[in-house]
1. Could you tell me what percent of the DSSP beta bridges with both partners in the range 1-45 are antiparallel, to the nearest 5?
2. List the pair-distance distribution P(r) of the range 1-76, using every Cα-Cα distance, as the percent of pairs falling in each 5 Å bin from 0 up to the bin containing the longest distance, rounded to whole percents.
3. Which FRET efficiency value, to the nearest 0.05, do you get for residue 66 and residue 33 by plugging their Cβ-Cβ distance into 1/(1 + (r/R0)^6) with R0 = 25 Å?
4. Quickly work out the residue 101-to-residue 42 label distance, labels modelled 7 Å from Cα along the C-beta direction, and quote it in nm with one decimal.
5. Got a sec? How would 46, 87, 96 order by Cβ neighbour count within 10 Å, fewest to most?
6. Sort 114-121, 15-22 by the packing proxy (mean of other Cβ within 10 Å over each peptide's residues), most packed first.
7. Quote the relative contact order of the chain in percent (integer), defining contacts as alpha-carbon pairs under 8 Å separated by 6+ residues.
8. As I understand it, the value is the acute angle between the Cα axis of helix 7-20 and the longest principal axis of the Cα atoms of the chain; what does it come to in degrees, rounded to 10?
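Bear in mind that the values in this text are calculations on the coordinates, not laboratory data. What you are looking at is a predicted structure, and each value in this text was computed from that prediction instead of being measured. Don't worry about glycine lacking a Cβ; one is built from the backbone with ideal geometry, like all the others, and counts go over all protein chains shown.
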Ligand SMILES: [Zn+2]
């Protein structure tokens, strides 16, 4: 499985990660699935509404997700929520143990962007395994 992320959207994720530093940034990805290819067509920045420390954890605003799902249902153009992104301030762009504990939907794409005070570095794509034992890396185009 591969993920196609247009440059302009990657740029927005990186900018969001930088703006939220040293806290984690997060947001939803909408787009469409075409066999083994997931194409991201839009990025929806969320507030990080976690009850835990926002430097090491994130939670996407449930209202954003609800509103988005309603809008997508109304549009009926095949666009769906295909995944989400979050940043790892001062940590590598690899899923953490906390991330693994949060994998409810196994068909969700996880984009993780590493960010430091100097700016973003790596941006990687993952997908939880069906048994949620770990993440598998996805090709990012
Ligand atoms: Zn994480």
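1. 75
2. Histogramming the range 1-76 at 5 Å steps yields 3, 15, 20, 20, 21, 14, 5, 1 percent.
3. Details: r = 21 Å, r/R0 = 0.85.
The formula returns an efficiency of 0.75 here.
4. 3.4
5. The most exposed by this proxy come first: 96, 46, 87.
6. 15-22, 114-121
7. Numbers: 298 pairs, mean separation 35.8, N = 141.
Reported as a whole number, the value is 25 percent.
8. Result, in degrees: 40.
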